[in-house]
Structure formats: C-alpha cells, structure tokens
Amino acid sequence: MAKSKISREDIRVVEALLFASEEVLTQAKLNVCFDDGTVPSLPDVVETLKKEYEKSERAFSIEKVAGGFRLITLVEYAPWVRRLFTRVGKTPLSQAALETLAVVAYKGPASRAVVESIRGVNSAGVIKTLLERKLIKISGRAKGPGRPLLYSVTEQFLLSFGLNATSDLPKLKEISELIAEGTDNAVTEEDFLPAEDEAD
C-alpha cells in the first residue's frame, strides 16, 4: 500500500538504497524493504530528491533507466569521471565493440553471421568480449540451418548507455554518424534495414 504522504525518513531511506544498490532501484525492490506494508511512491520520492539536489547544486542527480532509477553524475563532470575509469578502471570499449554493439542493439536478436555481414569482418572475439562485459546475452537460436545463437542487448547495456528501453536508442542516422567519426568503413543506416526476405 502506497503512503499518501512522504516523510523525511522515507526520503533518506530511498536515497540510501539508491547509493547502495548496484542495480537500478524499482518500486518492486523498494516494496520488499518495508515490512509494515506502507511503502512510499518511488517516483514521488525521486522527484523530491532531484529538486533537492538541484537546489543544493549537487554534482549528481537521479535518472530513470532500465525500468527503474539510479544515481548519476551530471554531464559537466563527465571528463573527471571518464579519467577515473580510463586511468584506474575498466578499459573503454573499442571501435569494433561499439560497432558490434550497435548492430545487436538495432538488429537484435541477431546472429553472429548477421553481425559479420554488416561489419564485414570476423566478430567472434568482439562478441565474446561483449558477453563477458554483460552488454549482450544469448537470447535464443535462429530457425535457419545450424540454428545459430542469437544475441540481444542486456539490462547492463541500458544502464551503461543511460537508456530506459531500446526504444530510447538514437536514430540510425545519428549512430551511423558517430561510427563514421572513427572508421572509414562506417556502418551505414542501410546496413541496419531488414533484408527483403526479412521484411516479408
């Protein structure tokens, strides 16, 4: 049962959970943290916190992503955060990994053959890396000969790119322009369009 009025304690509890959670915080997860059956509305608490952060000029805010909420740093502090992760954290994704990820995101569920037909190069190693980084997952098998594995993007992908759903992805033209900045053999918008036999 949702509370009609949000208390300061509710706000502090939600804030603590946002800081502590490695995954997005959803209403369902918040519900299990309250034993008395009266649970604050997560969107309402988030809206209150966002206003407080903005008023106090904090370096972070809260965004809705992957069906829940998480704390994020403001975009103007991205250079410092990027330095932290590039100098002491995980290695950034390569151009090949970004291209492969784009194909899976827009064409998925997609087989390795589909990825390689679009990129024009062997993508086995890149797919393995993306699986290890939990940015893509095996989501089934195709119905064609050999029943190849199909790959789709994961919730971690949505989290990493600040998306609430794959429908929030940039337009194909925009992603093509981004890829074109880093390679002469850029993936084009036409590469993501379904083949004639797929469109039927």
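The values are calculated or read from the model by the stated rules, or taken from the named source; none is laboratory data. These numbers were taken from a predicted model, which means no experiment stands behind them. Cβ atoms come from the backbone with ideal geometry, glycine included; neighbour counts cover every protein chain shown.
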Being of a type in the set (S, T, N, Q), closer than 15 Å to Ile6 by Cα and over 20 Å from the mean Cα position of the chain (by Cα), is that true of even one residue in the range 39-53? yes
Which ones in the range 107-118 are crowded, with 19+ Cβ neighbours inside 10 Å, over 22 Å from the mean Cα position of the chain (by Cα) and not β-branched (Val, Ile, Thr)? none
Those residues that are surrounded by fewer than 18 Cβ atoms within 10 Å (Cβ to Cβ), closer than 29 Å to Thr26 by Cβ and free of Cβ contacts under 8 Å to residues at least 40 places away in the same chain, I need them from the range 134-161; list them, please. Lys134, Ile138, Ser139, Gly140, Gln156, Ser160, Phe161
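From the list Thr129, Thr166, exactly one residue is of a type in the set (S, T, N, Q) and either at pLDDT below 85 or in the same structural domain as Ser61 (by TED's automatic domain parsing) (or both). Which is it? Please lay out each step first, then the result.
Details: Thr129 fails: either at pLDDT below 85 or in the same structural domain as Ser61 (by TED's automatic domain parsing) (or both).
Answer to the selection: Thr166.
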Scan Arg12, Arg58, Arg83 and give me the residue that is surrounded by 11 or more Cβ atoms within 10 Å (Cβ to Cβ), within 30 Å of Lys128 (Cα to Cα) and over 19 Å from the mean Cα position of the chain (by Cα). Arg83
Determine which member of the set Ala16, Ala78, Ala2 is at pLDDT 90 or above and among the aliphatic types (A, V, I, L, M). Ala16
Qualifying residue in the range 92-99 (condition: modelled with pLDDT under 80, surrounded by fewer than 18 Cβ atoms within 10 Å (Cβ to Cβ) and under 22 Å from the mean Cα position of the chain (by Cα)): yes
